[in-house]
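Novice: Okay, handing you the structure first.
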Amino acid sequence: AEKFTRVDEARKTNPYGVVFNFNSRGFRDREFAPKPPHAKRVVFVGDSFTEAQGVVESATLVRLVEAGLRRQDPSIEAWNLGVRGHDFPDLEALFDAALELSPDAVVFEMVLNDGERGPELSQRWPRVNDWIMVRQDTPSWLQRHSFLAGFVSSRYELFQVSRDTTAWYRALYSDDNRDGWMRTRAALRRIQDKCKERGVALGVALWPLLVGLETGGTYPFEAAHAQIRKGVERSGLPFLDLLPALRGRDTASLWVHSSDLHPNERAQALVAPVLTDFIQLRLLDPGNAPVVAK
């Protein structure tokens, strides 16, 4: 109606682009509306992994889980409140939006880079390739005109990125970022209290980064996953680690693109049954929940 043409112009040179439809609140879902009588709502909160960057709507984890839950209860609605680029403390506001929908359950799809970073860590690592979106500096004149120089430079950059990125992610959940992790846990407790006041179940599902998942490979962030699990379960929150659902797969086959390491439709499909069971058994039917030692 407003003769907005940029999307159509972009499609000419990007025929495989994925269409995203956002509501007036900026979420990749329909407009907010009162919950119908007798309906149940599950709201997903998170960053670009939840929003499902690069994945068509029908193949997103939210829609796949919704279909799985509806096989048990056709009244269930799933809502996608993922916003790319959101980490704590910004993520906390998304949970307030989730509660506006009168949900029965809220699922936080956590990614390793969602935790708060203390000032010391930020000063130490002012810029790091996060192994989600591949960023490369503009090649020099020599790199553009010499195959050998370009090859050596790209190999060295890959080594440097691998080393620095691994160290950064590990530091997020170590003593190097203790204050940041404590603030993240405090935010989760505040969110937990708000949910509890409204009788809303809250659970955390942790995505792995899509690196080193092959059989015989070494996933470099096992310790970070263990630290997050311990912190979440000590708060009494149901926790699901999605790493086992993806382990043993060819890592590159799970990427949206070689320059975009978000989980593609295959990764979403592998994770969906596990997350569906978690929501059904731990959040919507908590009487079947296993006891967690604190």
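The values are calculated or read from the model by the stated rules, or taken from the named source; none is laboratory data. Small disclaimer: the values here were computed from a predicted structure and weren't measured. Cβ: placed from backbone, ideal geometry, glycine included. Neighbour counts: every protein chain shown. Surface accessibility is based on the protein's heavy atoms, side chains included, excluding ligands, DNA and RNA. Shrake-Rupley method; radii C 1.70, N 1.55, O 1.52, S 1.80 Å.
Novice: In the stretch 71-106, what residues are over 18 Å from the mean Cα position of the chain (by Cα) and not charged (D, E, K, R)?
Specialist: Gln72, Pro74, Ser75, Ile76, Leu99, Leu101, Ser102, Pro103 - these are the residues of the stretch 71-106 that are over 18 Å from the mean Cα position of the chain (by Cα) and not charged (D, E, K, R).
Novice: Which residues, counting only those in the stretch 5-22, are more than 24 Å from Thr50 (Cα to Cα) and part of a helix (DSSP H, G or I)?
Specialist: Arg6, Asp8, Glu9, Ala10, Arg11, Lys12, Thr13
Novice: So which residues in the stretch 164-204 are among the hydroxyl-bearing types (Ser, Thr, Tyr) and assigned to a helix (DSSP H, G or I), if there are any at all?
Specialist: Of everything in the stretch 164-204, those that are among the hydroxyl-bearing types (Ser, Thr, Tyr) and assigned to a helix (DSSP H, G or I) turn out to be Thr165, Thr166, Tyr169, Thr184.
Novice: Applying the selection to the stretch 47-94, what residues are outside any loop (DSSP other than H, G, I, E, B), within 29 Å of Gly180 (Cβ to Cβ), in contact (Cβ under 8 Å) with a residue 40 or more places away in the chain and open to solvent by 10 Å² or more (accessible area, probe 1.4 Å)?
Specialist: Those that are outside any loop (DSSP other than H, G, I, E, B), within 29 Å of Gly180 (Cβ to Cβ), in contact (Cβ under 8 Å) with a residue 40 or more places away in the chain and open to solvent by 10 Å² or more (accessible area, probe 1.4 Å): Ser48, Glu92, Leu94.
Novice: Picking from Leu202, Leu213, Leu261, which residue would you name as being of a type in the set (A, V, I, L, M, F, W, C), more than 16 Å from Val107 (Cβ to Cβ) and more than 14 Å from the chain's Cα centre (by Cα)?
Specialist: Going through Leu202, Leu213, Leu261 in turn, the sole match is Leu213.
Novice: Within the stretch 229-244, does at least one residue satisfy the condition of being over 16 Å from Leu112 (Cα atoms), in a strand (DSSP E or B) and open to solvent by 10 Å² or more (accessible area, probe 1.4 Å)?
Specialist: No: zero hits.
Novice: Considering every residue within the stretch 12-25, establish whether at least one is closer than 21 Å to Val271 by Cβ, crowded, with 22+ Cβ neighbours inside 10 Å and touching a residue at least 12 places away in the same chain (Cβ under 8 Å).
Specialist: The answer is no; no qualifying residue exists.
Novice: From the residues in the stretch 253-289 that are more than 18 Å from Leu242 (Cβ to Cβ) and out of contact with any helix residue (DSSP H, G or I) (no Cβ under 6 Å at 6 or more places or on another chain), which one is modelled with the highest pLDDT?
Specialist: That would be Leu284.
Novice: Let me ask something else. Taking the stretch 216-234 only, how many residues are of a type in the set (Asp, Glu) and within 15 Å of the chain's Cα centre (by Cα)?
Specialist: Selection size over the stretch 216-234: 0.
Novice: Sticking with this structure for a sec: Looking only at the stretch 31-46, count how many residues are surrounded by fewer than 20 Cβ atoms within 10 Å (Cβ to Cβ) and either under 18 Å from Ala269 (Cα atoms) or acidic (Asp, Glu) (or both).
Specialist: The total comes to 1.
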